[in-house]
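All remarks here apply to the structure that follows.
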Amino acid sequence: MLTTPHCKESLSRAYVTAVVGRSRHKLNWNSEFDYGVDGYVRTIEKRGTRHYETGFGFDFQSKTTTKWSLEGGEIVYDLEADAYNDLVSRAGTGALPFLLVLLCIPKDDAVWLDVSADRLILQKCAYWLQLDGVLTSNEATKRVRIPAANVFTPKSVADILQAVKTGAMKP
């Protein structure tokens, strides 16, 4: 039987894959030696009849949790300190943006996924955040706050990629 953490990771992969696929951009999951980067998204555009990769995109780290809360319009989550440091270490470096994608699911695993002939429902949703700031000296976790408006959707993927392309979103 698959462990609960691996089950959560599978749900996160399914969510991100579905969202990015629907946005019609390129997704790649790192499968080995990820060093904190779970995958990347790249912009695909069409010129005439040819689709091509533009060279713009973002990297992401994906997490799934039942230990989150909504406080004052923000998703509150205690991110592992090492993961936090990985994410903030890119700020201001000129590298591709590095985003946290956090799938927030209910505590009751019986309602995580509902499948019928008409639909597939994965309970709750994922949020995205680009962290900046200084490295934490915390050994365990660092609390992050994600605006509840930052739902990871096909439109938000397209908007993020456009912001990267125009320079509005920087590492």
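It is to be established whether one or more residues within the stretch 48-70 are of a type in the set (D, E, K, R), open to solvent by 40 Å² or more (accessible area, probe 1.4 Å) and closer than 18 Å to His6 by Cα. For the stretch 48-70, residues of a type in the set (D, E, K, R), open to solvent by 40 Å² or more (accessible area, probe 1.4 Å) and closer than 18 Å to His6 by Cα: present. Mind checking whether some residue in the stretch 89-97 is within 15 Å of the chain's Cα centre (by Cα) and assigned to a strand (DSSP E or B)? No. Within the stretch 1-39, the set of residues being over 12 Å from the mean Cα position of the chain (by Cα), open to solvent by less than 80 Å² (accessible area, probe 1.4 Å), under 13 Å from Gln61 (Cα atoms) and not charged (D, E, K, R) comprises Asn28, Asn30, Gly36. Number of residues in the stretch 13-40 that are closer than 19 Å to Leu87 by Cβ and touching a Lys or Arg at 6+ places or on another chain (Cβ under 7 Å) equals 1. Take the conditions within 28 Å of Thr4 (Cα to Cα), touching a Phe, Trp or Tyr at 6+ places or on another chain (Cβ under 8 Å) and surrounded by 16 or more Cβ atoms within 10 Å (Cβ to Cβ) and apply them to Leu87. Does it pass? For Leu87, the condition - within 28 Å of Thr4 (Cα to Cα), touching a Phe, Trp or Tyr at 6+ places or on another chain (Cβ under 8 Å) and surrounded by 16 or more Cβ atoms within 10 Å (Cβ to Cβ) - is met. For the stretch 57-72, the criterion of a residue being under 19 Å from Trp29 (Cβ atoms), in contact with a Leu (Cβ under 7 Å, 6 or more places away or on another chain) and of a type in the set (Lys, Arg) is satisfied by at least one position.
Among the residues of the stretch 101-136, those that are open to solvent by 70 Å² or more (accessible area, probe 1.4 Å) and either without any contact (Cβ under 8 Å) to a residue 24 or more places away in the chain or part of a helix (DSSP H, G or I) (or both) comprise Asp108, Asp109, Ala110, Asp114, Val115, Ala117, Asp118, Arg119, Leu120, Gln123, Lys124.
The values are calculated or read from the model by the stated rules, or taken from the named source; none is laboratory data. A quick note: this is a predicted structure, and the numbers were derived from the prediction, not measured. Ideal geometry is used to build each Cβ from the backbone, glycine not excepted, and the neighbour counts take in all protein chains shown. Remember, those area values only see protein heavy atoms, side chains included, never the ligands or the DNA or RNA. Shrake-Rupley method; radii C 1.70, N 1.55, O 1.52, S 1.80 Å.
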